[in-house]
Amino acid sequence: MNNNDRLLKHIQINDGLGYDQNEILQTIISRTEDGDCEQTAEKLLKKFKSFNRVVNADLQELMQVGRIKEETARGIKSIAVYSRLYMSSLYNSDMRVFNTESAYSMMKDNFFGRQHEFVGMMILDREGHTVYNDIIAQTRFTAVPSYIRRAISLCLKYEGDTVIFAHNHPAGTTIPSREEIVAARELQLAFESIYVTLFDSLIITDRDYSSLKSAGIIRSITDEVRSFKENLFYRNLVLDPGQEVLDFGRKLPGESNEDEDIFYDYSEGDFDDE
C-alpha cells in the first residue's frame, strides 16, 4: 500500500476529520496520476483559492494549471455531480413542502456547482408531497421562456396541483431581471389554463436566495393574469361548457374602410346585416 492509499484509508476511517483540503484533493488526484499529488493539489488550491473553486473550475484550466490528464480533471469535476445526487437523494417523494423555505431546502442542491444558468421545477400533489424535483432546462431568460411546453407536459404527466420554479444566478445576485419577471407572467398564464397553481419562483445563488412570492411579484402577476382571464370570459372569448358563440367578432356596420383600423364589438346582441 503506497502513501496515497494509506491517506485515503485514514480519511475514510475518520470521516475526513483532521484532514485539510490539500490532503482530500490529493487522494482524488492519486486515483489517476503517478506524480507528486501533494504538489499538484497545492498548485490547484493556490490558483483557485478553495476546494469548491477547484471543483467548479474550467476543465482545460484544471489540466493546464495542475498539469494533469483530462481523466483526472474530469474526476475532480465529477465531485459536484456526485454531491448533487447525494444531497438530492436525501429528499424523497414522501416529504411535504409547506412554504418557500422548505421548497428552497429541497431545490437548492439541484444547482450545486453549476456555472451556467439552469431552471429547476418542483411539482406538488394536492397534499403538498413532492412528485417531481429536477432541472428542466439550461437557458438564458427571454420574454417567452422556451421550456413552457416541457413544464406543462411534466405537470400533466405527474398530475400536479402546484408548481414551484427556481433558477440560479452564477454571478451571485438575487435581484430578478425584467425578463425573469415577464417569464414568470408567461408561466402563470400557461398554468392558469390547466388549473395549476404557480406558488413561487426562486432565484438561487451559492449562498443566498430570493423569492418572487415574498417580494409580492407572484401575487401581482396572479391578479393580472386572472383579471385578463375574467375579461376574456365576459367578452365571450372563454366559454362555459356547452355555450355557443353567435356573431363572434362580427364587424360593426359602417366599418368598411380598409385603410382604417377595424373595431369589433364582442358584446351580446344581434346586429343588422351590412
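The values are calculated or read from the model by the stated rules, or taken from the named source; none is laboratory data. None of the values given here were measured: they were computed from a predicted structure. Quick reminder, even Gly has a Cβ in these numbers, built from the backbone with ideal geometry, and neighbours come from all protein chains shown. These accessible areas exclude ligands, DNA and RNA; they are computed on the full protein's heavy atoms, side chains included. Shrake-Rupley method; radii C 1.70, N 1.55, O 1.52, S 1.80 Å.
Between their Cα atoms, which of Lys43/Lys108; Lys108/Lys229; Lys77/Lys157; Lys49/Lys69; Lys49/Lys108 are more than 26 Å away from each other? The pairs that break the limit, which is 26 Å between Cα atoms, are Lys43/Lys108; Lys108/Lys229; Lys77/Lys157. Accessible surface comparison of Phe48, Phe191, Phe112, Phe98, probe 1.4 Å, protein chains only, largest first: the order is Phe98, Phe112, Phe48, Phe191. When Asp34, Asp161, Asp134 are compared by accessible surface with a 1.4 Å probe, the order from highest to lowest is Asp34, Asp134, Asp161.
For the peptides 22-28, 65-71, the ranking by packing is 22-28, 65-71, with the highest mean count of neighbouring Cβ atoms within 10 Å listed first. Summarising the amide proton neighbourhood of Gly120: residues at separation of 5 or more, or on other chains, whose placed amide H is nearer than 5 Å comprise Ile136, Ala166, His167.
Extension gain for the segment Arg96 to Glu179, taken as residue separation times 0.36 nm less the Cα-Cα distance, is 26.8 nm to one decimal. Between Ser193 and Arg149, the C-beta separation translates, for a Förster distance of 22 Å, into a calculated FRET efficiency of about 0.95.
Ranked from largest to smallest solvent-accessible area, with a 1.4 Å probe on the protein heavy atoms, Leu124, Leu189 come out as Leu189, Leu124. For Gln60 and Thr205, what does the FRET efficiency come to when R0 = 30 Å and r is the distance between their Cβ atoms, rounded to the nearest 0.05? About 0.75, to the nearest 0.05.
With a Förster radius of 35 Å applied to the beta-carbon distance between Ala215 and Asp34, the computed FRET efficiency rounds to 0.05. Computed with every protein chain present, the accessible area of Ser220 is close to 70 Å² [probe 1.4 Å].
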